[in-house]
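The values are calculated or read from the model by the stated rules, or taken from the named source; none is laboratory data. The structure displayed is predicted, hence computed values, not measured ones. Positions of Cβ are backbone-derived with ideal geometry, glycine not excepted, and every protein chain shown enters the neighbour counts.
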């Protein structure tokens, strides 16, 4: 059956008027090489597509520009190259260890992770087969319909497969070990966790017998670590006399081990279940779907990202009865349900001089430290209390505990390296005080970071990194405006016609072979060939051609005066003796001549050029938008926060930062730098942002070879029109959340100029 709409679409697209084109890869109609409609000029076509339909822009489009790159961490939607993809394909995340976050139910949990390695390859040597147990991989249909399940053959008692997983396990840690299992011959299986270097501590009561049927079932065991250890064994198969031996084949799939204390673990946002695939090492996923309480509900704020590693100096963060705490307060442990959803919050009853504090001798004088704790009132009545740093002052202002859990924090500067480092006290105006408390953290830093639970020693949460590979980054393609060639005899088919020998850089010119050979003679430093090209100041051009070094030459290209003295170098010299094609974009800063020159002062050295072309192009440009919440303090830094950095080197980059230098509390700065153009920026007001926890921001910027401008919260800044080149970042990775503590909701990029109206819209 024919499709009349498609037939008419194809006909119209094949017969578009001048200056209008159709881009089939993006399904976009362009006018004058701009990716948007000018309805005044194309009203007839607008009426057509209104009647017959067209491919609409996505919800991420701004000013009729659809971004090629989208990271929507709230909606868990990702796009690169204009095509929907997955988080792991779109951006590379690293964090060398566990971290906590808040799930949609408002409970404090661990981010998705898997401690077991090679979770989808039982043939790997990390999975040891003992007592004649054997495994055949990709041998059975798995729960997801793929032939990826493995078959474990049990020929005798105690046949099994196991893996030793190295990590820092503390007494009291809870770990859940799970996998999928089915069998046509075996009706039960024993599996569990065994001790590592401290086997006597950890293999008692760490096994369970699970029923096995002919249908797939997820079996799991939660294991409490009995003693500190550096490794544990995760075992599948007949392990001890607790279970009578059964001979047969068992199909197994997707082993998974994770920390399940606190409120458990957040599900993998990609799979919507707990499983996290691994290869050669444990995997710790980014904290996507982190929720923040807005006063009435838990709101998804996107990805929790902390570029700074932090250490909880408290060794027993939730065991206030431990001897490491100095106390003059009655403590009733496990008295209330805590922010992690379990009954492990303590009741603190303060007498007239009550206090609870911890001592540390590892502080640095002059360093800022932050104490934080979850606190709520004992009986629902508002209660005043204080957090404090060193013994006595400094003290926080009176804080008010309500019937709801809140995380309070207080920052101070250390004046001594010994004594109390932080604690909770009752104010003299509230005698007695009665509170519920949970999860005290003391860390070096001017703001609180995500909770780091401890149970016997200090614990460090590693830094997050988010790297967007260059291959996923949009980059503009130079588009010729008219296609008019501005160079005469650039292929040298007419000898040296159109080219003259520079008087300043004089040399011998020879084009007898269809290529231009410039040879330095004895009377000058460089040899050169110049031609007046009709450049317009401020317009962008693309220079192409080929070059090679001959007899020690060094071919280069620049803009020169009529005598051949180079004013601006467009292409530095090259010593390569192999013909190399080149393509350079530049913005004309003068109307002077194009100059080919042999950047070698030695008499007799030569450079060869061919197919020299200069054509006007649309200026290269990119646009960026980002929003989220940042946590920062006023430390007087020029770069207090840097939500992203796109940097090739120190002289080629695009970035956004927030400055607290001198009297600034949070000044937004949009900047770019190109090695020849120099540094260019636009700045917002000194006080546009104020330091705090979860400060909302929404910024957008446009960067081009002739401009840079930015907008924040819908406020457009004044464009800087001094740039002469866009830094070439086409092969450069972008660092997202480079200097950043907080949440990222969305990050979008376009390989085109959104215009001032566009970045205003995008940042609103």
Okay, strands (runs of 3 or more DSSP E) sitting entirely in segment 549-599 with 3 or more residues that are in the same structural domain as residue 530 (by TED's automatic domain parsing) and within 16 Å of residue 615 (Cα to Cα), I get 555-560, 580-587, 593-598
From the list 225, 193, which residue is touching a helix residue (DSSP H, G or I) at 6+ places or on another chain (Cβ under 9 Å), under 14 Å from residue 256 (Cα atoms), surrounded by 15 or more Cβ atoms within 10 Å (Cβ to Cβ) and at pLDDT below 90?
-> 193
Looking at (1) at pLDDT 85 or above; (2) under 17 Å from residue 502 (Cβ atoms), find the lone condition where residue 574 falls short.
-> (2)
Do you know which of the residues in segment 431-445 that are surrounded by fewer than 18 Cβ atoms within 10 Å (Cβ to Cβ) and more than 26 Å from residue 110 (Cβ to Cβ) is modelled with the lowest pLDDT?
-> 431
Look through 102, 116 and report the one residue that is under 24 Å from the mean Cα position of the chain (by Cα) and surrounded by 21 or more Cβ atoms within 10 Å (Cβ to Cβ).
-> 102
Here the residues within segment 169-195 that are touching a strand residue (DSSP E or B) at 6+ places or on another chain (Cβ under 6 Å) and part of a loop (DSSP other than H, G, I, E, B) are 170, 172, 183, 185, 186
Hey, can you tell me all the residues within segment 353-382 that are part of a strand (DSSP E or B), crowded, with 21+ Cβ neighbours inside 10 Å and at pLDDT below 90?
-> 356, 357, 358
Subset of segment 231-241 that is within 26 Å of residue 188 (Cα to Cα) and either surrounded by 22 or more Cβ atoms within 10 Å (Cβ to Cβ) or in contact with a strand residue (DSSP E or B) (Cβ under 6 Å, 6 or more places away or on another chain) (or both) - its residue that is modelled with the lowest pLDDT = 239
For segment 332-352, what are the residues that are buried (at least 19 other Cβ atoms within 10 Å of the Cβ) and outside any loop (DSSP other than H, G, I, E, B)?
-> 345, 346, 348, 350
Out of curiosity, is residue 690 part of a loop (DSSP other than H, G, I, E, B) and farther than 30 Å from residue 292 by Cα?
-> no
Taking segment 570-581 only, how many residues are under 26 Å from residue 704 (Cβ atoms) and crowded, with 16+ Cβ neighbours inside 10 Å?
-> 2
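Inspect all residues belonging to segment 100-115 and state whether any of them is under 26 Å from residue 247 (Cβ atoms), assigned to a loop (DSSP other than H, G, I, E, B) and out of contact with any helix residue (DSSP H, G or I) (no Cβ under 7 Å at 6 or more places or on another chain).
Initial filter on segment 100-115 (under 26 Å from residue 247 (Cβ atoms)): none.
No.
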Any residue at all in segment 313-331 that is surrounded by fewer than 19 Cβ atoms within 10 Å (Cβ to Cβ) and free of Cβ contacts under 8 Å to residues at least 12 places away in the same chain?
-> yes
Under 6 Å between Cβ atoms, at least 6 apart or on separate chains: pull out the pairs that start in segment 349-360 with a residue that is on the phi < 0 side of the Ramachandran plot and end on any residue that is surrounded by 19 or more Cβ atoms within 10 Å (Cβ to Cβ) and part of a loop (DSSP other than H, G, I, E, B).
-> 350/329; 350/426; 354/329; 354/426; 356/329; 358/314; 360/313
Has segment 506-514 got at least one residue that is within 51 Å of the chain's Cα centre (by Cα) and closer than 14 Å to residue 595 by Cα?
-> no
Only one of these conditions is not met by residue 305: (1) touching a strand residue (DSSP E or B) at 6+ places or on another chain (Cβ under 6 Å); (2) within 17 Å of residue 373 (Cα to Cα). Which number is it?
-> (2)
What number of residues within segment 253-277 satisfy the criterion of being in a loop (DSSP other than H, G, I, E, B), more than 23 Å from residue 452 (Cβ to Cβ) and in contact with a strand residue (DSSP E or B) (Cβ under 8 Å, 6 or more places away or on another chain)?
-> 2
Which of (1) buried (at least 22 other Cβ atoms within 10 Å of the Cβ); (2) over 16 Å from residue 596 (Cβ atoms) is the odd one out, the single condition residue 520 does not satisfy?
-> (2)
Selection over segment 711-754 where residues are buried (at least 21 other Cβ atoms within 10 Å of the Cβ), assigned to a strand (DSSP E or B) and in contact with a helix residue (DSSP H, G or I) (Cβ under 7 Å, 6 or more places away or on another chain) yields a count of 1
Only one of these is in contact with a helix residue (DSSP H, G or I) (Cβ under 8 Å, 6 or more places away or on another chain) and surrounded by 22 or more Cβ atoms within 10 Å (Cβ to Cβ): 599, 625. Name it.
-> 625
Which residues, taken from segment 127-156, are surrounded by fewer than 18 Cβ atoms within 10 Å (Cβ to Cβ) and part of a loop (DSSP other than H, G, I, E, B)?
-> 131, 132, 141, 143, 144, 145, 146, 147, 148, 155, 156
The lone condition residue 292 fails out of (1) outside any strand (DSSP E or B); (2) more than 16 Å from the chain's Cα centre (by Cα) is (1)
